[in-house]
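Novice: Got a structure for you, written out below as structure tokens; questions coming shortly.
Bear in mind these aren't lab numbers, they're just calculated from the coordinates by the rules spelled out. Remember, predicted model here, so these are calculated numbers, not experimental data. Please note: Cβ atoms are built from the backbone with ideal geometry, for glycine as well, and neighbour counts cover all protein chains shown.
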Amino acid sequence: MHYGNHSFCSFLALVLRKELMDRMAAAGHVAEWADMLRDLDRLVETEIQQGTKRFRIRPPAPGCAGKVFAAAGVALPHLVQPITARPPPDPPPSPKPKPRRKPRRNAKAKSTAANPLIGKDYPE
């Protein structure tokens, strides 16, 4: 394990958390870290189809999630967005694996020349 990388990532996470909390305070918003994580985790979007038209919809940002996005300088997408591109086609079905057979036991496959004990005469 690379402890230096882990320490760097942990330090970076703390710096980014502090920056976000400072931006929230500068905007006049007060929120606990656990509340921010919970509300961000509750963000969802859904794709729906009505006839030939497709849309991506999302509910309003729950709790303090909208304030977190605003403090970070990131705009949330519109509540309703038309989808103009076609969805990617379904992947082709994967071929079924062939059933495995037991290996054949062939007596002729083993050569007597391969065994040094066969064919030698030993005194009794």
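Novice: Scan the stretch 22-54 residue by residue and report those that are touching a Pro at 6+ places or on another chain (Cβ under 8 Å) and within 24 Å of GLY73 (Cα to Cα).
Specialist: ASP39, ARG42, LEU43, VAL44, GLU45 - these are the residues of the stretch 22-54 that are touching a Pro at 6+ places or on another chain (Cβ under 8 Å) and within 24 Å of GLY73 (Cα to Cα).
Novice: Okay, moving on. Among helices (runs of 4 or more DSSP H) lying entirely in the stretch 1-110, which contain 3 or more residues that are loosely packed, with under 10 Cβ neighbours inside 10 Å and basic (Lys, Arg)?
Specialist: Filter on the stretch 1-110 gives an empty set.
Novice: Hey, another quick one. Restricting the first residue to the stretch 72-99 and requiring it to be under 21 Å from GLY51 (Cβ atoms), which pairs with a second residue that is among the acidic types (Asp, Glu) and part of a loop (DSSP other than H, G, I, E, B) meet a Cβ separation below 9 Å and a spacing of at least six or different chains?
Specialist: Here the result reads GLN81/GLU45, each pair linking the stretch 72-99 to a residue that is among the acidic types (Asp, Glu) and part of a loop (DSSP other than H, G, I, E, B).
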